[in-house]
């Protein structure tokens, strides 16, 4: 195994609702061009490509990775497509990491893009993930699945709709400082409450947007980085963990998990922390980019990451501990609540943490950040990936 794997290049689009000026391959190429420029490389310097792509139905082309091969310069190179739902982006970074850590390659590009708001009806596509016999007929969907989680969290820990609204206010404020974010307009608790209900207690402002844009990252071996005296930040911990497919199996007595919490996500963080040597995350983590597509899910993500005890994160949010300037800022970029191009949403979490510990996050920089964590959730809240990145 390679001693360490570093990140040497990052590229992001400026995300927005639609990109009528760019085709799907154009968006991927846009991010790749920035990442390669950041790494001071051309396509000849890339040995393998890991392609981050959401379900084919979102793109409207079967085996849609085919149209991205030339856009990422992958002709005659190793090429691997990854799809784990919303976790796709962080799973893709992990696959690139293992290419390098295993010694198969010295330099690997991972990249992807999405045009979620232009696919027709993304919710119709996403709602097909449910078991057609037992759960789809309820009907379960990606929104009411996590609305039920919110109701359970409310009952178990006393969270309120106002607590959820505070998450939105925090993340929108932070996104206003991030030029790449999709939703950048600050809001208030009152405005969140005025937005219409989608699935109680989740309102429109509690939901992530449908974003278009791309992201790319270049990873390299420690030997390659040191021989060329390159600037880099380092991936020191990687973890993954999966949950049962059936939501109903997460709600009965006798099962270790509880739909209020994110036990499998916690398991993923435990693995990443062990690899990185983190034993007290509240003392050893400076910043977090956590995959939370709805306001309520930020609470159980914070707790799964060990940044708060179960049920304690709403009170800590009220105290200002998770905002810019607080003890451990969470989602200083604005997070998934402000930008959601599904194929790369979780990759952006890693990219943003890398920028933080690199001291390159601009207006939403966390002062003195040296170690950060990122996460991604996919499927029906079933697949979880986590990473630790350090300066």
Honestly segment 262-391 on the Cα gyration tensor test (a ≥ b ≥ c root eigenvalues; a/c under 1.5 rounded, otherwise a/b vs b/c for prolate or oblate) is just rounded
Classify segment 172-267: rounded, prolate or oblate, from the alpha-carbon gyration tensor (a ≥ b ≥ c, eigenvalue square roots; a/c under 1.5 rounded; otherwise prolate if a/b is larger than b/c)? oblate
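Please report 246, 51 as a ranked list, fewest other C-beta atoms within 10 angstrom at the top and most at the bottom.
By the 10 Å Cβ count, ascending, the order reads 246, 51.
Using a ≥ b ≥ c from the Cα gyration tensor of segment 1-99 (square roots of the eigenvalues), is it rounded, prolate or oblate, where a/c under 1.5 gives rounded and otherwise the larger of a/b and b/c decides, a/b for prolate?
Working: a/c = 1.58, a/b = 1.31, b/c = 1.21.
Note, shape of segment 1-99 comes out prolate.
Considering Cα pairs under 8 angstrom that are at least six residues apart, work out the relative contact order of the chain and quote it in whole percent. Please list the in-between numbers first.
Working: 929 pairs, mean separation 99.4, N = 391.
RCO, the chain: 25 percent.
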Take the Cβ-Cβ distance between residue 315 and residue 138 as r, set R0 to 30 Å, and report the resulting FRET efficiency rounded to the nearest 0.05. 0.35
Helix 295-304 sits off the longest principal axis of the Cα atoms of the chain, rounded to the nearest 10 on a 0 to 90 degree scale, by 70 degrees
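So what is the calculated 222 nm ellipticity per residue for the chain, using -39500 (n - 2.57) for each DSSP H run with n of 4 or more, over all residues, to the nearest 500 deg cm²/dmol?
So the helix-based figure for the chain works out to -10000 deg cm²/dmol.
By count of other Cβ within 10 Å, fewest leading, how are 364, 300 ordered?
Numbers: 364 24, 300 31.
Ascending Cβ contact count within 10 Å gives the list 364, 300.
Cβ neighbours within 10 Å, averaged per peptide: list 304-315, 351-362, 151-162 in order, most packed at the top. Please list the in-between numbers first.
On the way: 304-315: 20.2, 351-362: 22.5, 151-162: 17.0.
In descending order of packing, they fall as 351-362, 304-315, 151-162.
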Name the residue, out of 12, 137, 365, whose mean-square fluctuation peaks in a Gaussian network model built on the chain with Cα pairs under 10 Å. 137
Contour excess over end-to-end distance, with Cα ends at residue 191 and residue 370 and 0.36 nm allotted per residue: 60.9 nm
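Taking neighbour counts of Cβ atoms within 10 Å as a proxy for exposure, in what order, fewest first, do 291, 224 appear? It would help to have the intermediate numbers written out before the result.
Values: 291 29, 224 20.
The order, fewest Cβ neighbours first, is 224, 291.
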The chain: most fluctuating residue of 149, 195, 176 per GNM, C-alpha cutoff 10 Å: 195
Top of 144, 20, 171 by mean-square fluctuation, Gaussian network on the chain, Cα under 10 Å: 20
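Throughout, read-outs are computed from the coordinates displayed, never taken from laboratory work. Just so you know, these numbers come straight off a predicted model, no measurement behind them. We place every Cβ from the backbone using ideal geometry, glycine too, and count neighbours over all the protein chains shown.
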